[in-house]
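Worksheet for the structure shown next.
The values are calculated or read from the model by the stated rules, or taken from the named source; none is laboratory data. Computed from a predicted structure; not experimentally measured. When we count neighbours, we look across all protein chains shown, and the Cβ atoms used for this are built from the backbone with ideal geometry, even at glycine. Calculation scope for accessible area: heavy atoms of the full protein, side chains included, ligands and nucleic acids excluded. Shrake-Rupley method; radii C 1.70, N 1.55, O 1.52, S 1.80 Å.
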There are 4 protein chains.
Amino acid sequence: MERIAVLTSGGDAPGMNAAVRAVVRKGHHYGLDVVGVYRGYTGLIQGDFKTMDLGSVGDIIHRGGTILYSARSEAFKTPEGQNKAVEKLKEHGIDGLVVIGGDGSFRGAQALTARGFPAVGVPGTIDNDIPGTDFTIGFDTAINTVIECIDRIRDTATSHERTYVVEVMGRDAGDIALWAGLAEGAESILIPEAPYDLDEIVKRLERGSQRGKKHSIIIVAEGVGSGVEIGRQIKDKAGFETRVTVLGHIQRGGTPTAFDRVLASRMGSKAVDLLLQGESDQMVASRKNEIIGVRFDEAFTMKHQPDMSIYDLASILAI
Amino acid sequence: MERIAVLTSGGDAPGMNAAVRAVVRKGHHYGLDVVGVYRGYTGLIQGDFKTMDLGSVGDIIHRGGTILYSARSEAFKTPEGQNKAVEKLKEHGIDGLVVIGGDGSFRGAQALTARGFPAVGVPGTIDNDIPGTDFTIGFDTAINTVIECIDRIRDTATSHERTYVVEVMGRDAGDIALWAGLAEGAESILIPEAPYDLDEIVKRLERGSQRGKKHSIIIVAEGVGSGVEIGRQIKDKAGFETRVTVLGHIQRGGTPTAFDRVLASRMGSKAVDLLLQGESDQMVASRKNEIIGVRFDEAFTMKHQPDMSIYDLASILAI
Amino acid sequence: MERIAVLTSGGDAPGMNAAVRAVVRKGHHYGLDVVGVYRGYTGLIQGDFKTMDLGSVGDIIHRGGTILYSARSEAFKTPEGQNKAVEKLKEHGIDGLVVIGGDGSFRGAQALTARGFPAVGVPGTIDNDIPGTDFTIGFDTAINTVIECIDRIRDTATSHERTYVVEVMGRDAGDIALWAGLAEGAESILIPEAPYDLDEIVKRLERGSQRGKKHSIIIVAEGVGSGVEIGRQIKDKAGFETRVTVLGHIQRGGTPTAFDRVLASRMGSKAVDLLLQGESDQMVASRKNEIIGVRFDEAFTMKHQPDMSIYDLASILAI
Amino acid sequence: MERIAVLTSGGDAPGMNAAVRAVVRKGHHYGLDVVGVYRGYTGLIQGDFKTMDLGSVGDIIHRGGTILYSARSEAFKTPEGQNKAVEKLKEHGIDGLVVIGGDGSFRGAQALTARGFPAVGVPGTIDNDIPGTDFTIGFDTAINTVIECIDRIRDTATSHERTYVVEVMGRDAGDIALWAGLAEGAESILIPEAPYDLDEIVKRLERGSQRGKKHSIIIVAEGVGSGVEIGRQIKDKAGFETRVTVLGHIQRGGTPTAFDRVLASRMGSKAVDLLLQGESDQMVASRKNEIIGVRFDEAFTMKHQPDMSIYDLASILAI
C-alpha cells in the first residue's frame, strides 16, 4: 500500500477533523501518500481529490465540522456510481480508503470492498447509533453541548418555577437523550427505545412539585415525536403550561471535547493500521475502552442498543 | 429611609442576581435594612418577604436567573392589588422599593409611586428594549449566548455548505438580532423595525454562493415571524432548502458576562443612591457609559430604537 | 442498614456534587436515612452532620466543588481520631459510610473498616491517579478545562509564531498531560512516568518550524518539574524564547462535563448498592465501562499506570 | 485613494480578525483594493504583502488571534526602517494604511504620517490602556476569560474555604483587574494606579471570614507585582496560607465576544472612512458609545485612566 484516501460522509460530527488529521499523519508516519476526497462520495465519483501533506491538517484538531466537507450522493447509490468511484481511485493510484461517517456511509464503503477495493470505516456521528462500537466520534461533544444549553434553561426554569420540555437529536437512538437526561437530572426521558407513559410523567412532575422542586425538565429524543406535541399532551393531562425548546443543529457543531479528540485520533490512526495490515471491509470500534476492528458484516447484523441502565438510574435519581 | 425592599419581575435576565446583590450590599453600606420580595408583585401583595443580610447575596453574582424568583401577577394590575401592596410594604416598615425588570414592571412601580410610595426601577431584560437606557441587564449575555450557538451552527453549515435561518428572541425589538447578526457576519438580518425584502435576501445568498461562500446565515427576530416560515419563503423563492433553528429559552439563562455583572452592580447601587437622595418614580439608565436616573414619565414617552447603524454596517460587511 | 453517611475528602473535583446527590437519592430510594458530613474526616470526628432529604441535593448536579466542603484532618490520622470518628458515627445511628475522594481518603476509610465500620470509597480526583479504576470523577472535566485554555493560548501562539510551555496538574500521574497533549496536538508531553530528552524536544521543535508550523506547544505535568524551568532549559538548548503558562487551580473547578456527571451518578449509586449488599472495605471502580467494586487491598497493591499508548500516538501525530 | 493596506502589530487581541475583515470588506465596498501586510511592521519593511479579496476574510470574524500575524520590529524603529516602509508601500501603489494595535504601534503609524504617508490606527489590545478611547478591541473578551477562570477557582475556593490570589494582565493599567474584580466580587483589587494597604486587605479578609464567607478572592494586576509575592505578604501578615494563580497568556486568546466583534467591525469600518475622507494621523476611538476619530497627538498627550468608580464600588459591594 502506497497511497490512501480519506473522506467524511453523512452528517458532520465534532472530531471528524481530528480523525482526518490522524489518518493523514499516521499515513505519513508509515511513508504513505494521503489524499483527501472532498464532499464524501460525491467527490469520490468526481475525482475531487487533494494531496494532503503534514501541514494540511495543522491547526484543525480543535475545529468542529469537517475540512473535507460532507454531502449526500444519490449517484453513489447506484452500481454505476460505485464502479466510477473505484475507477477514479485506481486512476489516482490509490490503494485504500478510510470512510469517516455513519452507518449509511459504511454501506457505501462496503460497496467498494465488494469491488475489491480496500476500505475501512471510522464511526463519526453525534447520535452514537452505530452498532458494534460503544462510542462514536462526536457523541461526547453533542451531549456536552446539550447539557450546556439545558444548564442555561435551568436558570430561567428555576426563576419562573416552570416545566421545560427539551427536544434533542436522535431519530432512531435515545443515547443523547439518555446521557443528557441523567447528567441534567431530568424528571423524565423519552426515547425511541422505550414506550412512554404520560400518566407516569405527570405523576413525577406533581410529586416533584409537592416536595418543592423549583423546576422540572423533560428530555425528548426527536425520534419519539415533536417536543411541542409532548408539551401539549402534558398540558392537556396535567393542566399546566410547559415551555418547549428544540435544540436543533447547534448539537452538530462546536469545538470537540477532549474525549472526542482522543477517540478520533485513536480511531483514525487505527484505520490506517488496519489498511496496512491488509484488513478491509471493517470499521474501527471502541469496545470496553479498546480500539479494535470489527467486520462490517458483524456490525450490520447487530442492532444498536443504548445503555438502558442509564434510563433506570436517571429515573431513580431524579425523583 | 431605614428599610428598603427589592424584587425581580417579568422575564428573568442574567445579571439580575448581581443587581440584587448590589442593592442589598449598598443598602447595608448605608446602614439600611434590606428586604427581598419573592416572585415579584405576587409576593409583594402576599407579603412574601425575607430580610437579607450581607451573606444572603454571597456567591450569586455569577449565577443566571434570580434568587428572588419572578412571576406574573394579574392581581397587581388592579387598584386593589396595588393598594394591598402598599399596605404590605408599610406594614413591614419598608420605606422604598427597587424593582428590577422590564417596561411592564416599571409601570407597576409607577402605580406605587402614584400612591406616594417611593420606587425606583432597574432595567433588566435580555431584549434591550427599554426606552431611555442604552443597555439593559442581560442583553450582553444573551447576544453572547446567541453567537456561541451560531458559531456551532456555522461549523455544520460550512461542512454541508448550507444556508441556515436562526430565529432569536425579540418580539418588539431587533437588538439581539442586530448585534448577533453583525457579530456573526450574517448575510441578512430581519428585525421588526425594518421591512424585509425577500428578493434582496435571495440575491445576497446567490451572490455569496457565486463568490464561493461555504455557508450563509440569516437571523430573524421572533417579532418578524417564525424562522420556519421565513425558511419556507426562501425555499419557494430561491429553490433551495434551508435549515431552521429556533434558539428559544437558552437565550434567557446562563452565567452573566463581565459586562452584565458590572452593569448590574452599578445600576443596583445607583438605585439605592436615588432612593436615599429622596428620588422616586425613576428608572436607572446607562447613557453614553454613564449611570443616571431617568424619570419614568420621560422613559415611557420615548420609543426604543435599536442602533440602525449596525443594520447598515452588517449589510456592507457581510457582502 | 438504615442510615448511611457521605463525605467528600481531599482535593475537590468537579462531579463530587453529582456523586453526593446520587448517594443521597439512591439511599432514599432504598428507604435509608442519609446524613451528610461536613469537611471530610474533620467533620466526622466533630460530628458535624446534617440529615439530607431529597431536596438537599437539588440543583447541584451541575455545580463544581462540593457542597459538603473538604478539608485535611491531622487528627484523623491518629488511632484516637479514628476511634472518635467511629464513636460519632455510632452515636448518630449511622451504619455505613461513603467516602468520595482520592487515594489517601480511602486509606482513612480503611481505618474505619478495620474498626468494623462499613465504608466504601468513590474515586473523585482530577488527577485520575487512583489504582484500580480506569477513570476518576473530575478527570474528564479537568482535561476539558485544560484544552479550553490551550485552545486560547493557541490563538496567540499562532499570531506570534511562538513556542508555549504549559504546566498542568499531575504530581505523580501524567494522565492530564497525556490526554490534553494528544487532544491539543502538543509537540512534546513531559510526564513523571517517562524520562524526557531535551535534545529530542528541541529537535521536534526545529523540525516543526522547518515545515512551517506556526506555533508549538509543550505540555509539562507538574510532577516533572516547573514549566518555567523547562522553558529555561529549552531556551538554553535551542536558543529561542518560550512563553510559559502554569494553569494552576482553574483545573480543579468548573461545571462538570456530561461524562463526569454520568460517572459520578453511577459510582455514587453503586456505593449505596455495595453497602446494602453488606460489602465494605471496597472502592467503586470503572473498568472497561463497567461499574464494579474493587477491594481496597487490591487497589492499594496496584500501581496506577497512565495509558502509554496515548504517549506514543501523540508523538506520532504531532510530528 | 485606490489601494489601502492593513496590518496588525504588537500583542494580539481577540477581535483583531474582525477588524481586519471590516477593513477589507469596507474597502471593497468603496471599490478599493485592499492589501494585507504580514507580521506588522516587519512585513511592511520586507514588502510581505498579499492582496485580500472578499473571501480572504471569510469565516474569521469569530477567530481569536490575527490571520496577519504580529511581530516586533526593531528595524522599523529606525528612520531607515521607516523610510524603507514608505518606499515599499509606494512601490506597491498603496495610498493609505490601517494599523491595528496598541500605543506603540500607533507611534509607528505616526512615523509614517510624518513622512507624508496617510495612516490611521485602530486600538486593539486586551489591556484597554490606550488613551483617548473608552474601550479597546479585545478587552471585553479578556475580562470574560478572566471571570470564567475565576468562576472555576471559586468552586474549589469554596470547597476548601480558602483565599485565592489571582494575578491578571495589566502592566501599566488596572482595567482588567478592576472590571474582573467587580464582576467577581473580589475582596480586594490591586492595581498600578492605586497604592495598596496590606493591613486593609487582611482586615477585609478577616471581616469576611467572621461573617462566614466561604472563600475570598484577591485580584492583582501584574503591574503591581507578582501574585506569588502578594500571597506571601498576606501570609506573613495574616498568618494563613493563600493559593496563587497566574492566569497568563490564556487572557490573550479565545473567540471574541459579541461586544468585541461589534466594536472591531465598527472601528475597522471607521478607519477606512477616515482614510477616504482624507484624514490621517488619527486613531479610531469609542467615546460614550460613539465611534470617532481622534488625532494621534491628542491621544498621546492624554494619560489613560481606568474608571476608578469601579474601584470604589467593588470595595463597597464585596464587603
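Under the condition of being under 25 Å from B:Ser188 (Cα atoms) and open to solvent by 50 Å² or more (accessible area, probe 1.4 Å), the residues counted in the stretch B:293-311 number 6.
Sub-6 Å Cβ pairs linking a first residue in the stretch A:278-293 that is assigned by TED's automatic domain parsing to the domain that holds A:Ala114 to a second residue that is hydroxyl-bearing (Ser, Thr, Tyr) and open to solvent by less than 60 Å² (accessible area, probe 1.4 Å), at least 6 apart or interchain, are A:Ser280/A:Thr113; A:Asp281/A:Thr113; A:Ala285/A:Thr133; A:Ser286/A:Thr133, ordered by first then second residue.
Pick out the one residue from A:Gly31, A:Gly36 that is in the same structural domain as A:Val272 (by TED's automatic domain parsing), surrounded by fewer than 18 Cβ atoms within 10 Å (Cβ to Cβ), closer than 23 Å to A:Ile291 by Cβ and of a type outside the set (Ser, Thr, Tyr). The conditions single out A:Gly31.
I'd like to check something: does the stretch A:259-269 contain any residue that is open to solvent by less than 40 Å² (accessible area, probe 1.4 Å), modelled with pLDDT under 95 and in contact with a strand residue (DSSP E or B) (Cβ under 8 Å, 6 or more places away or on another chain)? No; the residues of the stretch A:259-269 include none that is open to solvent by less than 40 Å² (accessible area, probe 1.4 Å), modelled with pLDDT under 95 and in contact with a strand residue (DSSP E or B) (Cβ under 8 Å, 6 or more places away or on another chain).
When the stretch A:132-144 is limited to residues that are of a type outside the set (A, V, I, L, M, F, W, C) and within 9 Å of chain C (Cβ to nearest Cβ), the one that is nearest to B:His249 (Cα to Cα) turns out to be A:Asn144.
The single residue among D:Asp155, D:Asp151, D:Asp129 that is more than 14 Å from chain C (Cβ to nearest Cβ) and not hydrophobic (A, V, I, L, M, F, W, C) turns out to be D:Asp129.
Looking for something more than 24 Å from the chain's Cα centre (by Cα), among the hydrophobic types (A, V, I, L, M, F, W, C) and either modelled with pLDDT of 95 or more or over 30 Å from D:Glu298 (Cβ atoms) (or both) - is there at least one such residue anywhere in the stretch D:103-117? Yes. Within the stretch A:180-191, track down each residue that is within 11 Å of chain C (Cβ to nearest Cβ) and either open to solvent by 10 Å² or more (accessible area, probe 1.4 Å) or part of a strand (DSSP E or B) (or both). Correct list: A:Gly185 only.
Quick check on the stretch B:67-86. Is at least one of its residues over 22 Å from B:Gly102 (Cβ atoms) and open to solvent by less than 50 Å² (accessible area, probe 1.4 Å)? No, because not a single residue in the stretch B:67-86 is over 22 Å from B:Gly102 (Cβ atoms) and open to solvent by less than 50 Å² (accessible area, probe 1.4 Å).
Specify which of the listed residues (D:Gly174, D:Gly170) is open to solvent by less than 10 Å² (accessible area, probe 1.4 Å), at positive phi, in contact with a helix residue (DSSP H, G or I) (Cβ under 8 Å, 6 or more places away or on another chain) and away from chain C (no Cβ under 14 Å).
After ruling out the rest, the residue left standing is D:Gly170.
Within the stretch A:130-148, identify whether any single residue is acidic (Asp, Glu), under 23 Å from B:Thr245 (Cβ atoms), without any contact (Cβ under 8 Å) to a residue 60 or more places away in the chain and surrounded by fewer than 24 Cβ atoms within 10 Å (Cβ to Cβ), and answer yes or no.
Checked the stretch A:130-148: at least one residue is acidic (Asp, Glu), under 23 Å from B:Thr245 (Cβ atoms), without any contact (Cβ under 8 Å) to a residue 60 or more places away in the chain and surrounded by fewer than 24 Cβ atoms within 10 Å (Cβ to Cβ).
Taking the criterion of being within 13 Å of chain D (Cβ to nearest Cβ) and in contact with a strand residue (DSSP E or B) (Cβ under 8 Å, 6 or more places away or on another chain), the only residue of the stretch C:49-66 that qualifies is C:Thr66. Taken together, the residues in the stretch B:249-290 that are farther than 16 Å from B:Phe117 by Cα and more than 17 Å from the chain's Cα centre (by Cα) amount to 6.
C:Pro14 meets the conditions (1) more than 30 Å from C:Ile250 (Cα to Cα); (2) surrounded by 24 or more Cβ atoms within 10 Å (Cβ to Cβ); (3) not hydrophobic (A, V, I, L, M, F, W, C) in every case but one. The failed one is (1). Suppose we keep only residues that are more than 19 Å from B:Asp59 (Cα to Cα) and of a type in the set (Ser, Thr, Tyr) within the stretch D:192-241. Which one would you say is surrounded by the most Cβ atoms within 10 Å (Cβ to Cβ)? Per the stated criteria, the residue is D:Tyr196.
Can you tell me how many residues within the stretch D:1-36 are more than 14 Å from chain C (Cβ to nearest Cβ) and either touching a Cys at 6+ places or on another chain (Cβ under 7 Å) or not in a helix (DSSP H, G or I) (or both)? Matching residues across the stretch D:1-36 total 12. Residues satisfying the criterion are absent from the stretch D:85-97 (criterion: farther than 20 Å from D:Asp273 by Cα, assigned by TED's automatic domain parsing to the domain that holds D:Lys288, touching a His at 6+ places or on another chain (Cβ under 7 Å) and touching a residue at least 24 places away in the same chain (Cβ under 8 Å)).
Taken together, the criteria place B:Leu68 among residues that are within 25 Å of the chain's Cα centre (by Cα), at pLDDT 95 or above and within 30 Å of D:Glu184 (Cβ to Cβ). When A:Ala19, A:Ala111 are checked against the criterion of being open to solvent by less than 20 Å² (accessible area, probe 1.4 Å), touching a strand residue (DSSP E or B) at 6+ places or on another chain (Cβ under 7 Å) and in the same structural domain as A:Asp281 (by TED's automatic domain parsing), a single residue qualifies: A:Ala19. When we screen A:Val224, A:Val228, A:Val284 for residues that are β-branched (Val, Ile, Thr) and closer than 24 Å to A:Gly65 by Cα, the only hit is A:Val284. Take A:Asp127 and decide whether it is closer than 22 Å to A:Gly231 by Cβ, open to solvent by 20 Å² or more (accessible area, probe 1.4 Å) and of a type in the set (Asp, Glu). The answer is no for A:Asp127. Condition check for A:Ala314 on (1) open to solvent by 10 Å² or more (accessible area, probe 1.4 Å); (2) closer than 25 Å to C:Ile292 by Cβ: one failure, at (1).
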